[in-house]
Every structure is written in C-alpha cells, then in structure tokens.
Amino acid sequence: MRLALRESGVPTGPPVVFLHAFPLASGMWEPQREAMKSFRVLAPDMRGFGKTPLVAPFLIEHMVDDVLETLDGLGVPQAVFVGNSMGGYVALRLAEKAPQRVRALVLCDSRAEADGNEARLKRAAAIESVRAGGMAAFAEPFLKGALAPQTWTRSPMAADFLRQLIVKASPEAVMNALAALAARTETLPALSDFRFPALILVGSDDRLTPLACSETMRGRIAGSELRVVPDAGHFPSVENPAVFNDRLLTFLKRL
C-alpha cells in the first residue's frame, strides 16, 4: 500500500528515507528537518500510524513492501534508509530483500535478533495494556523504560514531544504492530552480505536495545561504523538531536 508521507528538503537532492520508531509516526523526525535541508527527505507513516490508514493484520514484511511501493510511486530507485527501532527492523528486512535499493543504511537503536520468549511475553502484556487502558495509560510506563533518565530533566520538552506522538497513535495499530514485532524473524544471517555503507547509532542509555545489540551488527556488517549518542536513550534523534544530527550528517556527506 502507498504510505502517507512527509517530504522536506530539496526535491532534487539525494533521497533519504526516515523510518519511524514504534509507536510514533513520521513527526518524530521533525528535529532533523533543518539539518537535512540539502537532502530530499522522505518520512513515511507506517500503516496505521500518522496519516496512513490501518490495514491489518500485518508483518514487518508488509511494512517493507509498503515502503518499496511508496518509493516506486515516487520514482525513487535507491535511497539512504534511516530507521529507528521498529524503523530499523523494516530497514534491515528491506536491505535483505532488495539490497539494490539501498544507497546506505543508518540503524538507530535497533537490532538484528528476533525477540526471545521474554520479549514476546512483554509485547503480549503491552497489547493487553493498550486494550484495557488505551494509549494514555500506555505512554508513561513506555517512556519511562525508553528514555534516558537524564532526558526527563535535561530535555523535558523532548519527553513531552514523544508523549504527544504516542497518545495520538491508534490503539488498533499499536496492538497490531506489537504482534508484528513479536513475530519478526532475525536478520543476522543477512548482515554479512551487505555491501553498502552503514552507520549504527545508539543512545548511551538505551535500555531497550543496549549497546551490545549495536556491537553485534557492527561486527557483521563489513566496514560499518558505530557511534554512541550521549545523554540519550531509545530515541536519540529527539533526546539529543544536536549530536544525532552531527553524526548523521558527517556520515551522509562522505557518501
């Protein structure tokens, strides 16, 4: 399906596709808009999120097909893909399925491993939490586990920005996405086949996808770089956008 899209930057610039995290939407990338003004920025809303309607049930593979179909409709044969968390899972699967579409890959606070049993149980509990209490009840405990402890005092506006995105999310989309995340398979075997530049970014205080997950990907993707974003948890593009943008632009300008 074709996805709703935020476009910014220069229409003739190098295309960079920003794939948002769970349970957010394309609006999460607003702190990157000014820094990316010399690129063609394409930030889709995944199915059920933002302005894209929900077609369910779905898997990560359906989300990949959605992104590719959207890019086909725009006449974009190849792009840099920047994916945070769930967006990283989509980017990894896309790179495995259609490596010719990838100019470069930027993986933010993501992982190539599938969920283990404990993680699947937590996602099942999260589904029940959303079903029982809606997004308002889900948002606060989710953010407490996702954000760096110092974000709450260092950048309370960042926490509020993310909270507003979460409470606007469709409960049905969130429950379907949780099921899709739990069902995803690993992409570890594909990493050694990647032949494009890759940057791995991770927040220094990410407790959801700790540094070890990023180190595993760096060890398997030939020539990849790993950069830590200080004073950030699971959403470094929002928690510490100045450093995140600097790391990202330094990488992109070398391509």
I need to check one value: relative contact order of the chain, counting alpha carbon pairs closer than 8 Å and at least 6 residues apart, in percent.
21 percent
Chain lengthening between Glu113 and Thr185 when straightened (0.36 nm per residue, less Cα-Cα):
25.2 nm
Calculate for the chain the 222 nm mean residue ellipticity that helices alone would give, adding -39,500 (n - 2.57) per DSSP H run of length 4 or more and normalising by residue count, nearest 500 deg cm²/dmol.
-14000 deg cm²/dmol
Using r as the Cβ-Cβ distance of Val76 and Lys97, and R0 as 22 Å, what FRET efficiency do you calculate, to the nearest 0.05?
0.85
Suppose the chain between Ser192 and Ala125 were pulled fully straight at 0.36 nm per residue; how much longer would it get relative to their current alpha carbon spacing?
20.7 nm
Candidate values [x] 46, 38, 34; [y] 56, 34, 32; [z] 63, 44, 37, label of the one derived for Cα extents along the principal axes in Å:
[x]
Magnitude of the Cβ-charge dipole of the chain, K/R +1 and D/E -1, about the Cα centre, nearest 20 debye?
360 debye
On a straight-distance basis, which lysines could pair with Lys144 in a cross-link, Cα separation under 19 angstrom, same-chain partners fewer than 8 positions away excluded?
Lys122, Lys168
Out of residues 5 or more away from Val106 or on other chains, whose amide H comes under 5 Å of its own, with H placed 1.01 Å from N in the peptide plane?
Phe81, Val82, Gly83, Leu199
When the charge dipole of the stretch 109-249 is computed with +1 at the Cβ of Lys and Arg and -1 at the Cβ of Asp and Glu, the Cα pointing farthest to the positive end, of Leu201, Thr216, Phe142, is that of Phe142
Enumerate the amide H contacts of Leu5 below 5 Å, restricted to partners 5 or more residues apart or on another chain; note that Pro and chain-start residues carry no placed amide H.
Asp45
What's the ranking of 151-161, 24-34, 232-242 by average number of surrounding C-beta atoms within 10 Å, highest first?
232-242, 24-34, 151-161
When Lys and Arg each count +1 and Asp and Glu each count -1, what net charge do the other residues less than 12 Å away from Ala95, Cβ to Cβ, add up to?
+3
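Each reported figure results from applying straightforward, stated rules to the coordinates on display, with no laboratory input. As the structure is a computational prediction, the values presented were derived from the model and not from experiment. With ideal geometry, Cβ positions are generated from the backbone for all residues, glycine too; neighbour counts draw on all protein chains shown.
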